[in-house]
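*Asks:* After the structure tokens below, expect a handful of questions from me.
The values are calculated or read from the model by the stated rules, or taken from the named source; none is laboratory data. Bear in mind the structure is a predicted one, so any value in this text is a computation, not a measurement. Every residue, glycine among them, receives a Cβ derived from its backbone with ideal geometry; neighbour counts consider all protein chains shown.
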Amino acid sequence: MDDVIVLHLPLATDAELRAVDALDRLLARHRVESRAEGQARFALVEACLNAIEYGRPATEEMDVRLAIHRGELRITVRNPGAAFTPSTPEPRIDRPSKARRGHGLQIIHSFMDRVRYRSDARGTRVEMTKRVG
């Protein structure tokens, strides 16, 4: 049986904290080990921060869907922003002024087993999955 949480959050500062709180409750119910829990939490925060930063207009909401199905965590974050196609991340070595920014997609890909991006008339979604059981 699926365990699903759906949230509709404002595109505003600290909205990611509500998403993480819901994720923590979901993972606790399924007794997910702490390393996988931390990695999933970090990926969710990065996806939410990207939605907040790039989703437009700011009066809209982002939708967050968290689910566990047969030992697989599925996280979807949708924002009403324009279509997004990820490109190969640029090395940050020669750009010290931006060294603290631009690592979100790399973090998401390194912590999750599978990541997909989809865009349609409703906005852009990042879909992430991770084996947790």
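*Asks:* Being assigned to a loop (DSSP other than H, G, I, E, B) and either more than 14 Å from the chain's Cα centre (by Cα) or surrounded by fewer than 16 Cβ atoms within 10 Å (Cβ to Cβ) (or both) is the filter here; which residues of segment 1-46 pass it?
*Replies:* MET1, ASP2, ALA12, THR13, ASP14, HIS30, ARG31, VAL32, GLU33
*Asks:* Let me ask something additional. Return the residues of segment 80-133 that are modelled with pLDDT under 95, among the polar types (S, T, N, Q) and in contact with a Lys or Arg (Cβ under 8 Å, 6 or more places away or on another chain); say none if nothing qualifies.
*Replies:* Within segment 80-133, SER119, THR124 meet the criteria.
*Asks:* For segment 103-112, which positions are assigned to a loop (DSSP other than H, G, I, E, B) and in contact (Cβ under 8 Å) with a residue 24 or more places away in the chain?
*Replies:* MET112
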